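Below: one structure, written as structure tokens.
The values are calculated or read from the model by the stated rules, or taken from the named source; none is laboratory data. Model, not experiment: these values are computed from the prediction. Using ideal geometry, Cβ is built from the backbone for each residue, glycine included, and neighbour counts are taken over all protein chains shown.
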Amino acid sequence: MLRAGQPGSLAVLASTLLLGFSVAFSLGQNDTEPVVLEGKCLVVCDSNPSAEGGVTSSFGISVRAAGAKVAFSAVRGTNHEPSEMSNKSMTIYFDQVLVNIGNHFDLKASVFQAPRRGIYSFSFHVVKVYNRQTIQVNLMHNEYPIISAFAGDQDVTREAASNGVLLHLEREDRLYLKLERGNLMGGWKYSTFSGFLVFPL
């Protein structure tokens with residue numbers, strides 16, 4: 001027990017109270033609210049902490065690297081689809097990356113691979129080549145279709161189809177676009193595919 005007359009006792013008491021207040025403040029924050037520190041580090045208060053992707057203290061505070069930022073956006077600048085490259089798998093290939101933070105979008109395979117468990121947002125936009133035809137594009141998640149975009153007006157030549165979704169992904173899940181039917185317009189970046197990590201879990 002500290003006595004007021006002891007040297008430095010007030011400083012020690014003040015430090016103890018400040019530490020207790022800081023811990024209480026950290027534990028009281030929302031589970032998904034990050035505290036940004038100087039440098040490349042995030043402190044995330046988590047009532048059910050996991051060691052995945054970071055170091056977790058006994059107070060329920062997870063420290064994660066700022067490299068957890070994930071975002072990509074790819075465009076298709078040349079040739080129609082399907083092409084010689086895609087006529088077997090019907091994967092839609094992209095030839096230019098505008099954004100690839102974290103380098104988790106493989107341009108050659110045109111596949112995004114999730115680096116960690118979390119909630120991700122994806123969107124895509126395509127344009128058909130000919131009138132009197134229908135196009136359908138699926139967003140594929142580990143070989144299974146999740147959402148589709150459809151355009152089938154027989155009187156419109158350059159009809160577009162778009163869609164977007166939020167997904168709960170596990171680490172190493174793979175996402176790509178598949179052309180189910182029809183032909184896509186090549187040329188100047190008519191087809192796009194984008195995604196980003198909303199927050200980790």
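Checking the stated criteria, TYR120 turns out not to satisfy the condition of being without any contact (Cβ under 8 Å) to a residue 24 or more places away in the chain and within 21 Å of ALA149 (Cα to Cα). Run down SER121, SER62 and say which single residue is small (Gly, Ala, Ser), modelled with pLDDT of 95 or more and in a strand (DSSP E or B). Every option except SER121 fails the conditions. State whether one or more residues within the stretch 151-171 are farther than 29 Å from PHE199 by Cα and either modelled with pLDDT of 95 or more or among the hydroxyl-bearing types (Ser, Thr, Tyr) (or both). Taking every residue of the stretch 151-171 in turn, at least one turns out to be farther than 29 Å from PHE199 by Cα and either modelled with pLDDT of 95 or more or among the hydroxyl-bearing types (Ser, Thr, Tyr) (or both).
Among the numbered conditions (1) part of a loop (DSSP other than H, G, I, E, B); (2) buried (at least 19 other Cβ atoms within 10 Å of the Cβ), the only one that ARG171 does not meet is (2).
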